[in-house]
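Below is one structure; the comments refer to it alone.
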Amino acid sequence: VRWYRVNAAPIDQDADGLPEAVVVSFSDVTGLRAATEDVRRSAGLLASVQAASPDGVMAFRAVRDGATSDGATGAIVDFEWLLANPRAVEITGYDGPSLVGQHLLNVFPGNVASGLFAAYRRVTETGEPFRTTLDYVHDGLQATLRITATPLDIDGAGRPDGFTVSFTDVSATDHSGTYAT
């Protein structure tokens with residue numbers, strides 16, 4: 001099966017209001033159609049996996065303060081939300097779609113005092129994952145969180161420019177992952 005994009009335009013050569021000819025162009029878009037379907041399937045798969053996760057999952061892009069005189073990128077000053085799964089919404093109490101495009105420190109400024117912002121910046125700058133369990137008592141939240149942050153190569157350039165974080169509220173566990181009874 002081949003897919004084509006067809007464009008047609010009438011030509012009224014003698015300007016009498018009736019077309020005498022039609023110019024038609026065909027473009028083979030089979031590859032584009034297949035790629036679009038692959039993206040649609042991948043997006044559906046990703047959404048399903050995120051919805052099934054018992055962990056909150058969020059992804060962020062680095063926000064930098066501009067370029068330096070030598071052309072290098074500037075320092076990371078914040079992170080922009082790219083996504084938040086349903087479990088992240090449950091844990092934080094924030095609506096996922098409204099978070100997308102927001103800056104992390106505008107919503108959760110306690111990330112600085114807790115040390116998480118520095119850890120997320122380190123993950124993005126070094127490409128090394130970060131894992132911790134900590135009591136987060138900032139920004140209206142009071143929870144013990146098990147956190148894993150991994151680098152995210154957003155543009156496929158082979159270097160991270162953001163991070164993905166998964167977190168679980170382990171307040172009701174014995175910190176070994178087993179729920180206390």
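May I ask for the angle, rounded to the nearest 10°, between helix 116-126 and the longest principal axis of the chain, with both axes built from Cα atoms and the value confined to 0 to 90°?
Rounded to the nearest ten degrees, it is 60.
Using 0.36 nm per residue of separation minus the Cα-Cα distance, give me the extension gain between Ala34 and Trp3 in nm, one decimal.
Details: separation 31, 0.36 × 31 = 11.16 nm, distance 0.94 nm.
Value of the extension gain: 10.2 nm.
For a label point 7 Å from the Cα of Ser171 along Cα→C-beta, name the residues of region 113-135 whose backbone N is under 16 Å from it.
From region 113-135, the list is 134-135.
Once the mean 1/r over all distinct Cα pairs of region 105-145 is inverted, what Kirkwood radius in angstroms do you read off?
Its Kirkwood hydrodynamic radius stands at 10.8 Å.
Can you list the HN-Hα couplings for region 160-166, worked out from phi with the Karplus curve (6.51, -1.76, 1.60; θ = phi - 60°), rounded to whole Hz and with x for Gly and Pro?
Result, ordered by residue: x, 9, x, 8, 10, 10, 10 Hz.
Collect residues whose amide H, placed 1.01 Å from N in the peptide plane, falls under 5 Å from the amide H of Gln102; neighbours closer than 5 in sequence don't count.
Close amide H contacts, sequence-distant or interchain: Trp81.
In whole Å, largest first, what are the principal axis extents of the Cα atoms in the chain?
The Cα atoms of the chain stretch 83, 51, 29 Å along the principal axes, largest first.
How far, in degrees from 0 to 90, does helix 30-52 lean away from the longest principal axis of the Cα atoms of the chain, to the nearest 10?
Here the helix axis deviates by roughly 20 degrees.
Where a number appears in this text, it was derived from the coordinates with a stated rule and is not lab data. What you see is a predicted model, and the numbers here were worked out from it, not measured in a lab. With ideal geometry, Cβ positions are generated from the backbone for all residues, glycine too; neighbour counts draw on all protein chains shown.
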